[in-house]
Amino acid sequence: MPRRLLSIASTHAEYVMLHDTPPATQSYEAQAQYSYAALSYCWGDIAPKFKLTTECIDKARSGILVKTLPKTLQDAILIARTMEIPYIWIDSLCIIQDDEGDKKRELPNMVHIYSGAAVVISAATSRTCEDGFLQPRDVSSLLKFVYKLPYFPTDDGPQKGFMEVDEGLCGRLGLAE
């Protein structure tokens, strides 16, 4: 279980709040109440505008204005809220970035943090945390291969055409040539 999570189920949707989770010594039942999403994303060449530091940890516990966060983080918060998941783990906001001791404790646990999440949101299309990933895009560019398969309407009948199947498993029936 992560040491810290962002509480996103606030009645004030424009804010998220850093929440310290119970120590690992507490019961499983006590920890089970912390259903959370985890974000997998690329920071890019520059560090995020807002990251958790020893200087701002108290401010983060009081509330972080969501619109001040990078777009990828905003998109992930929106998805988790839509799924009614009360917490989200985002490395830049849940690990104290200027505290080597905190990073030494938390970084080796990332495999457990991701595997313990109710859902992992992967911002695979974003090159930086500023890009966001909830925008319209042309999906045809994602379909690189089309396979042409013979079409037989019955097991013992002649070929009547072909089926084109792309990587997205969207198919269309064509007539025999």
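List of remarks:
- Identity of the residue in the range 86-103, in contact with a Lys or Arg (Cβ under 8 Å, 6 or more places away or on another chain) and of a type in the set (Val, Ile, Thr), that ends up nearest to Pro2 (Cα to Cα): Ile95
- Of the helices (runs of 4 or more DSSP H) lying entirely inside the range 1-113, those carrying at least 1 residues that are open to solvent by 10 Å² or more (accessible area, probe 1.4 Å) and modelled with pLDDT of 90 or more are 57-62, 71-82, 91-94, 100-106.
- Of the residues making up the range 114-140, just one is open to solvent by 80 Å² or more (accessible area, probe 1.4 Å) and under 19 Å from Met1 (Cα atoms), namely Ser115.
The values are calculated or read from the model by the stated rules, or taken from the named source; none is laboratory data. The model shown is predicted, which means the values in this text are computed figures rather than measured ones. When we count neighbours, we look across all protein chains shown, and the Cβ atoms used for this are built from the backbone with ideal geometry, even at glycine. Ligands, DNA and RNA are excluded from the accessible area calculation, which covers all protein heavy atoms including side chains. Shrake-Rupley method; radii C 1.70, N 1.55, O 1.52, S 1.80 Å.
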